[in-house]
1. Assuming residue 8 fulfils every condition listed in (1) at pLDDT 85 or above; (2) surrounded by 12 or more Cβ atoms within 10 Å (Cβ to Cβ) apart from one, which condition is it?
2. Of the residues that sit in region 11-30 and are modelled with pLDDT under 85 and not charged (D, E, K, R), which one is surrounded by the fewest Cβ atoms within 10 Å (Cβ to Cβ)?
3. Inside region 29-56, can you point out the residues that are over 15 Å from the mean Cα position of the chain (by Cα) and at positive phi?
4. Scan region 31-67 residue by residue and report those that are polar (S, T, N, Q), at pLDDT 85 or above and farther than 20 Å from residue 21 by Cβ.
5. Under 7 Å between Cβ atoms, which residue pairs at least 6 apart in sequence (or on different chains) link something in region 38-61 that is closer than 13 Å to residue 25 by Cα and without any contact (Cβ under 8 Å) to a residue 40 or more places away in the chain with a partner that is exposed (fewer than 12 other Cβ atoms within 10 Å of the Cβ) and of a type in the set (A, V, I, L, M)?
Amino acid sequence: MARKPEQLPKKVDGYKDPAAQLEDVIVERDDGVDVCSLYPRNCTDEMAATHWITATGDAFVDLESAR
């Protein structure tokens, strides 16, 4: 899911929030368990195989509900 520019974290004290450098993909599986994977923006094909993290079910929350 791509974020609109106004939804991206702002620079704080000259440093950009590391979370703004991540992309996310949420897959709704047939068994009802959602899977969310995070990976770096501008990730090369070689990096894509090893530079990711995945969470399932209730291990992650929607940003709006966490605010």
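1. With respect to (1) at pLDDT 85 or above; (2) surrounded by 12 or more Cβ atoms within 10 Å (Cβ to Cβ), residue 8 is out only on (1).
2. Filtering first and then ranking leaves 14.
3. As a first pass, look at region 29-56 and keep what is over 15 Å from the mean Cα position of the chain (by Cα): 29-33, 44-47, 49-50.
If the condition is that a residue be over 15 Å from the mean Cα position of the chain (by Cα) and at positive phi, then 32 is the only one that fits.
4. Result: 56, single match.
5. Pairs that qualify, where the first residue is closer than 13 Å to residue 25 by Cα and without any contact (Cβ under 8 Å) to a residue 40 or more places away in the chain and the partner is exposed (fewer than 12 other Cβ atoms within 10 Å of the Cβ) and of a type in the set (A, V, I, L, M), are 38/53; 39/48; 56/33.
The values are calculated or read from the model by the stated rules, or taken from the named source; none is laboratory data. Note that the structure is predicted; figures quoted are calculated from it, not measured. No Cβ is skipped: glycine too gets one built from the backbone with ideal geometry, and neighbour counts run over all protein chains shown.
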